[in-house]
Amino acid sequence: MKIVIIGGTGHVGTYLVPRLVTAGHEVISVSRGNREPYSPHKAWDSVKRIQLDREEEDNAGTFAGKIRDLGPDAVIDMVCFKLESAQQLVEALRGSVQHYLFCGSVWMHGYGVEVPTIEDQARHPLEEYGIQKDAVDKYLADQSKRLGFPATSIHPGHIVGPGWNPVNPQANFNPDVFTTIAQGKELVLPNKGLETVHHVHADDVAQVFFNALHRWSAANGEGFHAVSAKAITLRGYAEAMAAWFGQKANLKYEPFEKWSESIEIQWDIDQTKTHLDHSPNHSIEKAQSLLGYQPRYSSLQAVQEAVTWLIQAGTVKVS
Ligand SMILES: NC(=O)c1ccc[n+]([C@@H]2O[C@H](COP(=O)([O-])OP(=O)(O)OC[C@H]3O[C@@H](n4cnc5c(N)ncnc54)[C@H](OP(=O)(O)O)[C@@H]3O)[C@@H](O)[C@H]2O)c1
């Protein structure tokens, strides 16, 4: 198959592109050309790279036509954040592609009601990002079921892997939190530490995309969560990481407002707030049963691989 992946050099593409090439597909990666994949792989030698800025080209109305003109059998869209972007691409690709796979987000759900949340539960997106991901997911399901446009949506949780900062036990991205735990120092968690985060290794997200592509009839018109088997509470996460560092967890708890007074960086506070507000906890039953998804990593295994990389990079200091 000739596959165009938009945003192929990011977290997921780093793992997905080698999987596709190894399976014998012809792969074209479209990006602005600002970065290399997080880890090198020989597969990239046979990948054609095309430089396009999705945002600029969407605004000019030229992006979708340029993707169609590449002649793909399938398009994997890692960087679609607006309903209008999806609509432009669907109109251009209608009748010419076998499969369009959109990368959504579990943020489309907003807060949970019955957990673990399933894909088709009533949704309550909390912010523009989640509102747009929800709108694209619903639009694609409708296009597939009503008009036969072959689309699949895949919704990752917090994507983790070696090379970038994972969401930490304070529910933000500050890697110093791991240093605090590693050195046995006191860590203050917001509230009672019972809100949840739901990670997934980037290679497991790649697995969901890969399986969806190869199980067209099961995937067409459907949306799937791409998360680890189980979400974790912040308290459980902090305790497990302390044990992994050979430390006893040294935890204190404060209500969010008081906790935030002790945090210097506003972005950390904002990230913690949005993660607490969402407290993601999602089911993978649908991806398991329809796509044969078998996550290789638990949330903690994925984070520990990422933190091992952060230690080697000198970002997390164990002593
Ligand atoms: N990160 C998470 O934890 C998370 C969680 C849930 C869902 N998601 C979803 O995952 C998707 C992102 O996937 P990812 O995390 O694998 O990617 P990523 O690491 O954020 O990398 C983005 C990729 O897209 C390219 N790109 C960025 N802006 C572009 C533009 N304007 N035009 C063309 N290419 C562009 C980047 O390369 P250049 O910079 O060289 O252009 C890179 O290849 C998004 O749809 C996001 O909503 C992410």
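Each reported figure results from applying straightforward, stated rules to the coordinates on display, with no laboratory input. Source: prediction; values computed, not measured. Cβ coordinates were reconstructed from backbone atoms using ideal geometry, including for glycine residues, and neighbour counts include every protein chain displayed.
Values as computed for the structure displayed
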| quantity | calculated |
| --- | --- |
| For the chain, built as a Gaussian network whose Cα springs stay under 10 Å, the top-fluctuating residue of Ala243, Ala171, Ala287 | Ala243 |
| Counted charge near Ile269, where neighbours are those whose Cβ lies closer than 11 Å (Asp, Glu -1; Lys, Arg +1) | -4 |
| Rotationally averaged projected area of region 1-47 (alpha carbon convex hull; nm²) | 2.8 |
| Least to most buried among Tyr111, Tyr297 (fewest other Cβ within 10 Å first) | Tyr111, Tyr297 |
| Residue order, fewest to most beta carbons within 10 Å, for Ser283, Ser153, Ser105 | Ser283, Ser105, Ser153 |
| Alpha carbon Rg of region 228-319, scaled by the compact-globule rule 2.2 N^0.38 Å | 1.31 |
| Residue order, fewest to most beta carbons within 10 Å, for Asp53, Asp134 | Asp53, Asp134 |
| Two-decimal log10 I(q)/I(0) for region 193-232, as the Debye equation yields it once each C-alpha is a single scatterer, q = 0.17, 0.18, 0.28 Å⁻¹ | -0.52, -0.57, -0.94 |
| At 0.692 mPa s and 37 °C, Stokes D of the chain from Kirkwood alpha-carbon radius, µm² per second | 162 |
| Size of region 1-142 as Cα extents on the principal axes (Å, biggest first) | 46, 32, 28 |
| Under the span-like rule (Cα at least 30 Å along the axis, Kyte-Doolittle mean at least 0.5), DSSP H helices of the chain | none |
| Gyration tensor over alpha-carbon atoms, region 67-163, equivalent ellipsoid semi-axes in Å | 25, 16, 12 |
| For region 160-274, projected area of the alpha-carbon convex hull averaged over all directions, nm² | 8.4 |
| Cβ-defined net charge surrounding Leu147, 15 Å radius [Lys, Arg +1; Asp, Glu -1] | +2 |
| Cα centroid separation - region 250-319 against region 1-22, whole Å | 25 |
| Segments 95-102, 252-259, 183-190 sorted - mean Cβ within 10 Å per residue, highest first | 95-102, 183-190, 252-259 |
| FRET efficiency estimate (nearest 0.05) - Cβ-Cβ, Lys273 to Glu26, R0 41 angstrom | 0.40 |
| Gyration tensor (alpha-carbon) shape descriptor, region 269-319, a/c threshold 1.5 | oblate |
| Semi-axes of the equivalent ellipsoid for region 87-239, Cα gyration tensor, largest first, Å | 34, 16, 13 |
| Taking the chain and dividing mean pair separation by its residue count, relative contact order in percent (alpha carbons under 8 Å, at least six apart) | 19 |
| Cβ crowding within 10 Å averaged over residues, with 266-279, 196-209, 39-52, 14-27 ranked highest first | 196-209, 14-27, 266-279, 39-52 |
| Net charge over other residues, Cβ less than 14 angstrom from the Cβ of Ile232 (K, R count +1; D, E count -1) | 0 |
| Region 13-154, relative contact order [Cα under 8 Å, separation at least 6], % | 19 |
| Separation between Cα centres of region 127-154 and region 73-97, rounded to whole Å | 10 |
| Mean residue ellipticity (222 nm) of the chain, computed from DSSP H runs ≥ 4 via -39,500 (n - 2.57), nearest 500 | -12000 deg cm²/dmol |
| Interatomic Cα distance distribution for region 123-199, bins of 5 angstrom, percent | 3, 12, 15, 17, 15, 12, 9, 8, 5, 3, 2, 0 |
| Taking N as its residue count, the alpha carbon Rg of region 14-90 over 2.2 N^0.38 Å | 1.14 |
